[in-house]
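Derivation of every value follows stated rules applied to the coordinates shown; laboratory data play no part. Computed from a predicted model, the values in this text were never measured in an experiment.
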Amino acid sequence: MHRYLLVILLALAPLAVNAGVFEKGDAIFLQTSLWTVHFRPSEDHINNQRLLNAELDKASGWVFGFAYFHNSFNQASQYLYAGHSWTIPKTREWAYFKLTGGLLHGYKGEHQDAIPFNNSGIAPAILPSIGVKYKRFQSELMLFGTAGMMLSIGFNFPIGGSK
């Protein structure tokens, strides 16, 4: 299903460009996970989240995205989010800090209580990350609560003109 969603998003992108949704400096950022570590490992945990993430990075710093991944307990999960990215001063825009917040779904059954406020199967989440970029290549180190962190890699695709 996640592949179909990605294909639909990419197919609709030209329509959005023509509709004036995007502005100069905007980009689509696609990323996947490389490495995960849990701060308190358990035999139940997996360290291959198989992340597929699509994010709209606005020139203003605002970000909007959708992530499909397998959570620490190998359950298919989704994260729908918005946030903001800030360039780290004196890095000439190659390093940044990003903070996103949104809704997390997928922690079910015996693992439903592994994340706070998951009473209805959907929980609020806040994810800070620090990233580096070079041309169209980007990598981020994301902190997921007090549970662990994940390293991702991806590419951005400029839309609406270049910065």
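Points to keep in mind about this one:
- Too-long pairs where the Cα-Cα distance tops 31 Å, listed order kept, from Lys24/Lys98; Lys24/Lys108; Lys108/Lys133: Lys24/Lys108; Lys108/Lys133
- With semi-axes defined as the square roots of five times the eigenvalues of the C-alpha gyration tensor, the equivalent ellipsoid of region 2-158 measures 27, 19, 14 Å, largest first.
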